[in-house]
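Trainee: Sharing a structure here in structure tokens format.
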Amino acid sequence: MSSKPRQPPNKLFYRIGEVSRLTGLEPYVLRYWETEFPQLKPEKGLSRQRVYKKEDIDRIIQIKQMLYSEGYTIAGARKKLSSKAGQDLDSIIDSAKKELREILDILK
């Protein structure tokens, strides 16, 4: 198992074998993580094979970092990913509110 993930080639979709090689994780680990992390849901193609996007690979690398390097448990990593998604949404809403206030000030 490689400790440093390789840079994925510039493609739209990746199969599980490619993701395994890129991340240094066995395919069974990737399949297991799908059951543990709701944020990780690769699509399935016509052949019913998992089809990962670049964002999925980035999320896998993030999970691997939390579990293997930062010492998180699966539950802890799941919670952190959920709260991070909530924080991202909060910052988007705050930014939109700020822009709307600025527009209102201009219109006054």
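The values are calculated or read from the model by the stated rules, or taken from the named source; none is laboratory data. All of these numbers come straight from a predicted model, not from anything done at the bench. Note that each Cβ is placed from the backbone with ideal geometry, even for glycine, and that neighbours are counted across all protein chains shown.
Trainee: Any residue in the stretch 11-38 that's in contact (Cβ under 8 Å) with a residue 24 or more places away in the chain and polar (S, T, N, Q): show its pairings with residues that are in a loop (DSSP other than H, G, I, E, B) and surrounded by 15 or more Cβ atoms within 10 Å (Cβ to Cβ) at Cβ separation under 8 Å, as long as the two are six or more apart or on different chains.
Mentor: That search, which allows pairs on different chains as well, returns Thr23/Pro5.
Trainee: Within the stretch 20-57, which residues are surrounded by fewer than 12 Cβ atoms within 10 Å (Cβ to Cβ) and either small (Gly, Ala, Ser) or closer than 19 Å to Asn10 by Cα (or both)?
Mentor: Glu43, Gly45, Ser47, Glu55
So that you can scan it fast, the table gives a plain yes or no per residue for (1) at pLDDT below 95; (2) among the aromatic types (Phe, Trp, Tyr); (3) within 17 Å of the chain's Cα centre (by Cα); (4) not in a helix (DSSP H, G or I):
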{"residue": "Leu12", "(1), (2), (3), (4)": "yes, no, yes, yes"}
{"residue": "Val19", "(1), (2), (3), (4)": "no, no, yes, no"}
{"residue": "Leu25", "(1), (2), (3), (4)": "no, no, yes, yes"}
{"residue": "Tyr28", "(1), (2), (3), (4)": "no, yes, no, no"}
{"residue": "Tyr32", "(1), (2), (3), (4)": "no, yes, yes, no"}
{"residue": "Gln39", "(1), (2), (3), (4)": "yes, no, yes, yes"}
{"residue": "Leu46", "(1), (2), (3), (4)": "yes, no, no, yes"}
{"residue": "Val51", "(1), (2), (3), (4)": "yes, no, yes, yes"}
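Trainee: Among residues belonging to the stretch 58-108 that are β-branched (Val, Ile, Thr) and modelled with pLDDT of 90 or more, point out the one that is surrounded by the fewest Cβ atoms within 10 Å (Cβ to Cβ).
Mentor: The qualifying residue surrounded by the fewest Cβ atoms within 10 Å (Cβ to Cβ) is Thr73.
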